[in-house]
Amino acid sequence: MMTLTKTDRTSWLLAGPMTLILAAFLVLPILTIIVVSFWAFNEFTFFPAFVFDNYLFTLTSKVTLATYLKTLQFVILTWVFCTVVGFTVAYFLAFCVKSLAWQVALFLLCTIPFWTSNIIRMISWVPFLGRNGIANSALMSLGIVKQPVEWLLFSDFSVVLAFVHLYALFMVVPIFNTLIRIDKSLIEAARDGGANGLQILTNIIIPLAKPGIMIGSIFVVTLVMGDFITVRFMSGGQSASVGRIISNEISLLQYPAAAADAVILLVTVLIMIAIMMRFVDIRKEL
């Protein structure tokens, strides 16, 4: 029989409180959702059972498949634009701003929009992109268009724009944290060896920034996959997402169906994260 040493007992005691918190607020809710996903329901109530109808309906529905494809489209577009914006801002802060004080000041400036509610920041685009909004007024006054551009608001464009606005900082922070750790002597040595700016960017900076890009990608992917309010408001009800399906099922008291969709969504997100983590070891950043 193996006996625990004093060091082992101390380690277990230190890890115990966090283990209990994770079990109570993470593991237990997920297990509850999984159990409820096998329950049955009707027009009036839901009740304990062990049926696969909720999963069969979700996995065989063409509407659900189309909704997942639309959600993945939002995820890919948002990830691409957030990566470009996040890397550009992080690169500017890490290599173009020499003063530490200015780096901190500009970084805090990037966080100012996050001091307000997500919904307020999202809705602020409505008067800007609307038919009689600032964007259309500027385009017509400059003679670029003769009539208001209809697709600026209540479209997939406005949804992706709102997503990028809401979640770009989640890409800036980890990439900036990675770039700031790069030894500047590597860049100087590359310049001394005759490398130009593009070669330094593609062969040194981007490879070393991969952990930060992956961490930011995990944040962006998970947030967009689970979002429902942005798609609802910014598309004007013309687009759907998996989060909206779950929200609608909850509003109709179809909790088992919503739980099944939540489990499928969780598995999908975990698979996407597992694929991303195969490209780079993000544990070096943690």
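Details
- Sites matching chymotrypsin sites (Phe, Trp or Tyr not before Pro) across the stretch 1-64 that sit in DSSP coil, with at most 13 neighbouring C-beta atoms within 10 Å: 44, 50, 52
- Backbone amide hydrogens, once placed in the peptide plane, bring residue 40 within less than 5 Å of 47, 49, excluding anything fewer than 5 places away on its chain.
- Charged-residue dipole, Cβ positions (Lys, Arg, Asp, Glu), the chain about Cα centre, Debye nearest 20: 500
- Extension gain, residue 189 to residue 131: 0.36 nm times the residue separation minus the Cα-Cα distance gives 15.5 nm.
- Evaluated over the Cα positions of the stretch 43-194, the convex hull gives a direction-averaged projected area, one quarter of its surface, of 17.6 nm².
- Prolate/oblate/rounded call for the stretch 88-143, Cα gyration tensor, a/c under 1.5 rounded: oblate
- Tail beyond 19 Å, pair distance distribution of the stretch 128-239 (Cα, percent): 63
- Over the residues of the chain, the helix contribution to mean residue ellipticity at 222 nm works out to -20500 deg cm²/dmol, using -39500 (n - 2.57) for each DSSP H run of at least 4.
- In nm, spacing of pseudo-spin labels at residue 98 and residue 119 (7 Å Cα→C-beta vector): 4.8
- Modelled FRET efficiency - R0 35 Å, residue 34 with residue 63, Cβ distances, 0.05 increments: 0.90
- If the chain linking residue 274 and residue 180 were pulled fully straight, counting 0.36 nm for each residue of separation and taking away their Cα-Cα distance, it would gain 31.2 nm.
- If you wrap the stretch 198-242 in the convex hull of its Cα atoms and look at it from every side, the mean projected area works out to 4.4 nm².
- Centroid-to-centroid separation of the stretch 86-139 and the stretch 183-202 [C-alpha atoms, Å]: 30
- Under 22 Å between alpha carbons - lysine pairs in the chain that sit 8 or more apart or on different chains: 5
- Ranked by how many other beta carbons lie within 10 Å on average, peptides 206-212, 94-100 from highest: 206-212, 94-100
- Counting only Cβ charges, +1 for Lys and Arg and -1 for Asp and Glu, the dipole size of the stretch 1-158 around its Cα centre is about 420 debye.
- When its C-alpha radius of gyration is set against 2.2 N^0.38 Å (N residues), the stretch 8-133 gives a value of 1.71.
A short reminder: the numbers here are calculations on the coordinates, not readings from a lab. This structure is a prediction, so every number in the text was calculated from the model and none was measured. Cβ atoms come from the backbone with ideal geometry, glycine included; neighbour counts cover every protein chain shown.
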